[in-house]
Amino acid sequence: METRFADVVRSLAFYAIFYPGSVIMVFLALPFAALGERQIWLLAYSWSAFHRFCCRWLLGIRVEIKGEFPEDGVLVAMRHESFFEAIELPLLTPWPTPFPKSELLKIPGWGWALSRFGVVAVERAGGAASLRRMISTARGFAARGRQLVIFPEGTRMPTGATAQLRSGFAGTYKMLGLPVVPVAVDSGRLYHRVWKKAGTITYTLGERIEPGLPRAEIEARVGAAITTHH
């Protein structure tokens, strides 16, 4: 898609407003986190809502959701094309539990606030013991009705690319024993660039997939569902 002058102007306005506002949110994270889990969730929700507002009225990006996000403790497997969907999580599910890299929890101040929000830290080189801790933590959040949100591709994928699921996804699915709700999103064509573009970003939710499927089948079904736009 060709970059137009309007795209540049809109993007500059977005950067001038969203990022300074985000800095304020970061400074507020520590006192809110000290107040408790619900309070830091409220701040995260407010940041997501602020981002959605800036995208709509500065970038001209609308959001369309096809289907309904779950409200119970399931594993949400979402396509990852840009930071857009990562920032949006508190707006999409009642109480999301993301799977960030463990390194993020080591950032002074911010890591503590993140842990207070409630996340499942992923230690990719931690071995079997860290995997068991991760699964135990995830089960605890799911038992409380929180939605476990994972990007099964492990990193941002270019728009149009075939899903390449990380090997750890099938193992996580098997050990958790939870249903999976796959979610396709096409944010990369509008948001994953310096000069962002106006348009509609669509989340498309697939059918809930039961637990206990063989690795090949769960990977095939999730991979197909999260790339339904392409």
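The values are calculated or read from the model by the stated rules, or taken from the named source; none is laboratory data. All values derive from a computational prediction rather than experimental measurement. Neighbour counts are summed over all protein chains in view; Cβ atoms, including those assigned to glycine, are modelled from backbone coordinates with ideal geometry. These accessible areas exclude ligands, DNA and RNA; they are computed on the full protein's heavy atoms, side chains included. Shrake-Rupley method; radii C 1.70, N 1.55, O 1.52, S 1.80 Å.
In this entry, Ala129 passes the filter for residues that are farther than 28 Å from Thr228 by Cβ and out of contact with any Asp or Glu (no Cβ under 8 Å at 6 or more places or on another chain).
What do you reckon, is Pro94 in a loop (DSSP other than H, G, I, E, B), at pLDDT below 95 and surrounded by fewer than 15 Cβ atoms within 10 Å (Cβ to Cβ)?
The answer is yes for Pro94.
Within region 26-80, can you find the residues that are within 22 Å of Thr137 (Cβ to Cβ) and touching a strand residue (DSSP E or B) at 6+ places or on another chain (Cβ under 6 Å)? Passing the criteria: Pro70, Val74, Leu75, Val76, Ala77, Met78.
Checking Leu190, Leu178 one by one, the residue that is touching a Lys or Arg at 6+ places or on another chain (Cβ under 9 Å), surrounded by 15 or more Cβ atoms within 10 Å (Cβ to Cβ) and more than 28 Å from Tyr15 (Cβ to Cβ) is Leu178 and no other.
Looking at region 47-54, is at least one residue surrounded by 15 or more Cβ atoms within 10 Å (Cβ to Cβ), on the phi < 0 side of the Ramachandran plot and polar (S, T, N, Q)?
Yes, region 47-54 contains a residue that is surrounded by 15 or more Cβ atoms within 10 Å (Cβ to Cβ), on the phi < 0 side of the Ramachandran plot and polar (S, T, N, Q).
Scanning region 1-15 for residues that are surrounded by 12 or more Cβ atoms within 10 Å (Cβ to Cβ) and part of a helix (DSSP H, G or I) turns up Ala6, Asp7, Val8, Val9, Arg10, Ser11, Leu12, Ala13, Phe14, Tyr15.
In region 106-122, the residue that is most open to solvent (accessible area, probe 1.4 Å) out of those that are under 21 Å from Leu75 (Cβ atoms) and not in a loop (DSSP other than H, G, I, E, B) is Ser115. Residue pairs whose Cβ atoms lie under 6 Å apart, sitting 6 or more positions apart in sequence or on different chains, and linking a residue in region 200-219 that is under 25 Å from Phe84 (Cβ atoms) to a partner that is in a helix (DSSP H, G or I), are Ile201/Ser187; Gly206/Ala225; Ile209/Arg221; Glu219/Ala170. Residues considered: Thr200, Thr227, Thr155. Of these, the only one that is under 16 Å from the mean Cα position of the chain (by Cα) and at pLDDT 90 or above is Thr227. Entry remark, region 135-167: residues being without any contact (Cβ under 8 Å) to a residue 60 or more places away in the chain, in contact with a Gly (Cβ under 8 Å, 6 or more places away or on another chain) and assigned to a helix (DSSP H, G or I) number 0 in total. Taken over region 63-91, the criterion of being of a type outside the set (A, V, I, L, M), open to solvent by less than 30 Å² (accessible area, probe 1.4 Å) and within 24 Å of Thr162 (Cβ to Cβ) is satisfied by Arg79, His80, Glu81, Ser82, Phe84, Glu85, Glu88. Please go through region 193-222 and pick out each residue that is open to solvent by 10 Å² or more (accessible area, probe 1.4 Å), over 30 Å from Ala16 (Cα atoms) and of a type outside the set (D, E, K, R). Of everything in region 193-222, those that are open to solvent by 10 Å² or more (accessible area, probe 1.4 Å), over 30 Å from Ala16 (Cα atoms) and of a type outside the set (D, E, K, R) turn out to be Thr204, Leu205, Gly206, Pro211, Gly212, Leu213, Pro214, Ala216, Ala220.
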